[in-house]
Amino acid sequence: MISDAVWLYYRFPLSLRMVEELLAARSIELTYETVRRLSVKFGLGIARRIRPTALVRGDKWYLDEVVVTINGRKHWLWRAVGQHGAVLDVLVQSRRDWHAARRLMCKVLRKHGRALRVLITDKLRSYAAANRDMGLIIEHRQHKGLNNRAENSHQPTRVREKVMRRFKLARHLQRFTSMHDQVGNLFMNCRYNMNAQQKHQARKQAFKAWESITGNSMLDP
């Protein structure tokens with residue numbers, strides 16, 4: 001029940017009430033508030049177990065930031081994306097300067113090691129300043145067109161922002177995106193550049209990985 005609720009909420013652009021109805025159709029009676037509490041309580045733990053199963057990250061990382069308005073104030077959602085499209089990490093901050101860029105880079109390097117060879121960003125000068133301050137010996141490419149992979153990774157968050165009628169608190173955005181992006185990583189091979197047979201196999205593997213991570217089988221018909 002818990003894994004079903006968490007999977008539906010973070011995998012698809014559904015409101016809490018929509019998840020409640022879908023579970024009710026499966027004879028699982030939960031209120032939308034219970035779905036919210038389960039997502040908060042178990043979501044980050046599941047995300048931590050998903051992280052090691054992500055695709056090979058490669059030595060080329062993409063960094064980007066996008067503005068998110070929370071209660072009338074601008075915040076910045078910083079995101080790091082791996083060479084093969086998996087989201088490495090996210091960080092919500094109230095500033096858009098070299099200190100914020102440095103915090104993201106330190107966080108990603110701490111979690112994923114120092115195998116970084118190429119860093120690709122847009123032309124925001126904060127990235128270059130953070131790079132100099134950290135003394136990283138890497139190739140830094142700054143070009144808006146090269147950074148499309150990171151910019152496109154913001155789109156699912158924008159969709160959820162509309163469904164949820166904006167995020168209410170910065171910590172809620174941080175918690176949500178930390179879980180949402182990891183679930184997306186697990187199922188990212190199920191959609192693009194595949195024929196029907198390959199997609200079926202990729203989805204089957206993703207379901208199997210989810211069941212192994214959560215210790216529960218997927219929804220039964």
### Message
Among the residues of segment 108-120, are any touching a residue at least 12 places away in the same chain (Cβ under 8 Å), assigned to a helix (DSSP H, G or I) and loosely packed, with under 15 Cβ neighbours inside 10 Å?
### Response
yes
#### Entry: Within segment 65-87, tally of residues that are buried (at least 16 other Cβ atoms within 10 Å of the Cβ) and free of Cβ contacts under 8 Å to residues at least 40 places away in the same chain
4
### Task
Report, by residue number, each residue of segment 82-103 that is part of a strand (DSSP E or B) and of a type in the set (D, E, K, R).
Asp89
### Summary
Going through (1) out of contact with any Leu (no Cβ under 7 Å at 6 or more places or on another chain); (2) over 17 Å from Leu88 (Cβ atoms) one by one, Gln174 fails only at (2)
### Task
Just name the residue that is surrounded by the fewest Cβ atoms within 10 Å (Cβ to Cβ) out of those in segment 1-51 that are touching a residue at least 24 places away in the same chain (Cβ under 8 Å) and either aromatic (Phe, Trp, Tyr) or in contact with a strand residue (DSSP E or B) (Cβ under 7 Å, 6 or more places away or on another chain) (or both).
Phe42
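Yes or no, residue by residue, for (1) in contact with a Ser or Thr (Cβ under 6 Å, 6 or more places away or on another chain); (2) over 30 Å from Thr121 (Cβ atoms); (3) aliphatic (A, V, I, L, M):
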residue: Thr31; (1), (2), (3): no, yes, no
residue: Val40; (1), (2), (3): no, yes, yes
residue: Ile50; (1), (2), (3): no, no, yes
residue: Tyr62; (1), (2), (3): no, no, no
residue: Asn71; (1), (2), (3): no, no, no
residue: Ala86; (1), (2), (3): no, no, yes
### Query
How many residues are within 17 Å of Leu16 (Cβ to Cβ) and in contact with a helix residue (DSSP H, G or I) (Cβ under 7 Å, 6 or more places away or on another chain) when one looks only at segment 41-53?
2
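Conditions tested, residue by residue: (1) in a loop (DSSP other than H, G, I, E, B); (2) at pLDDT 95 or above; (3) hydrophobic (A, V, I, L, M, F, W, C); (4) in contact with a Pro (Cβ under 7 Å, 6 or more places away or on another chain).
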position: Ile28; (1), (2), (3), (4): yes, no, yes, no
position: Val40; (1), (2), (3), (4): no, no, yes, no
position: Ile50; (1), (2), (3), (4): no, no, yes, no
position: Gly58; (1), (2), (3), (4): yes, no, no, no
position: Met105; (1), (2), (3), (4): no, no, yes, no
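The values are calculated or read from the model by the stated rules, or taken from the named source; none is laboratory data. Everything numeric in this text was worked out from a predicted model, so none of it was measured. Here the Cβ is made from the backbone with ideal geometry for all residues, glycine too, and neighbour counts use every protein chain on show.
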